[in-house]
Amino acid sequence: MARWLEVLARAGLALALVGAAGAVRAQDEKPTAKQVAAIRACAEKNQDDVTAAEQQCLFNLVAEPCQKTPVGQSNVGMADCFRLEAKIWDDLLNDNYKSLREELDTSQAGKLRDMQRAWISYRDATCGFYDVKIQGTMAIPMSAACLARESMRRAVLLKFFSRM
C-alpha cells in the first residue's frame, strides 16, 4: 500500500510539473512575425475608423485562429489566445504613443502622459470588473479579451491623434 501511494505521489508531482511548464509556456508565448504583420497591416488599413478596425482586425487574425487549436479550447487557453493578441496591440499602442509624443511640445506631452495614465486606470478597472461581476472561470477569457479590445481601441486612437 505504501508503495502504491508513493507511485501516485510521484505521478501527481510529474503532472503538476508538466502543468506548470505549460502555464509558463503559455504566458511567455510571443506572437509570430506573421501575426504581428497581419494586425499591423489591418490596423494601418483601418486607421481612420475604430469601428472598422475592431470589426476587421480584432480577434479575427490571432485570437480566433488560436482558439481553434487544441491549446485554445479551455478557458485558460482562450485567455492565452486573447493575451497573445493583446501583446501585439499593446506594442502597437506603445509605438503610436511614442510617435505622438515626439510631435508634441513639453506641455502637450505632459497632457498626453496624464491622459494615458487615466486610460490605464480606466482599462484596468473596466477589464477587472469581469472578475467582480462574473465570479467564475469565464471571467478569465473575458477579462483577457477586454484587455486586447481596449488596447486595440487605444492604439487606433493614438494613431488618429498623430495624424491630426
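One line per residue, one yes/no per condition, for (1) surrounded by 17 or more Cβ atoms within 10 Å (Cβ to Cβ); (2) at positive phi; (3) not in a loop (DSSP other than H, G, I, E, B):
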| site | (1), (2), (3) |
| --- | --- |
| PHE59 | yes, yes, no |
| TRP89 | yes, no, yes |
| ARG101 | no, no, yes |
| TYR122 | no, no, yes |
| CYS146 | yes, no, yes |
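It is to be established whether one or more residues within the stretch 62-79 are surrounded by 15 or more Cβ atoms within 10 Å (Cβ to Cβ), of a type in the set (A, V, I, L, M, F, W, C), modelled with pLDDT of 95 or more and not in a helix (DSSP H, G or I).
Looking through the stretch 62-79, at least one residue is surrounded by 15 or more Cβ atoms within 10 Å (Cβ to Cβ), of a type in the set (A, V, I, L, M, F, W, C), modelled with pLDDT of 95 or more and not in a helix (DSSP H, G or I).
When you scan the stretch 44-51, do you find a residue that is part of a loop (DSSP other than H, G, I, E, B), surrounded by fewer than 18 Cβ atoms within 10 Å (Cβ to Cβ) and among the acidic types (Asp, Glu), even just one?
yes
So which pairs qualify, if the first residue must be in the stretch 131-150 and in the same structural domain as LEU92 (by TED's automatic domain parsing) and under 14 Å from GLU64 (Cα atoms), the second must be β-branched (Val, Ile, Thr) and not in a helix (DSSP H, G or I), the Cβ gap must be under 6 Å, and the two must be at least 6 apart or on different chains?
none
Has the stretch 45-57 got at least one residue that is within 21 Å of SER143 (Cβ to Cβ) and in contact with a Ser or Thr (Cβ under 6 Å, 6 or more places away or on another chain)?
No, the conditions are met nowhere in the stretch 45-57.
Would you call ILE88 at pLDDT 95 or above and in contact with a Pro (Cβ under 8 Å, 6 or more places away or on another chain)?
Details: at pLDDT 95 or above: yes; in contact with a Pro (Cβ under 8 Å, 6 or more places away or on another chain): yes.
Taking the combined requirement at face value, the residue satisfies it.
The values are calculated or read from the model by the stated rules, or taken from the named source; none is laboratory data. Note that the coordinates shown come from a computational prediction; the quantities given were computed from them, not determined experimentally. Because the Cβ atoms are built from the backbone with ideal geometry, glycine has one as well, and the counts that use them run over all protein chains shown.
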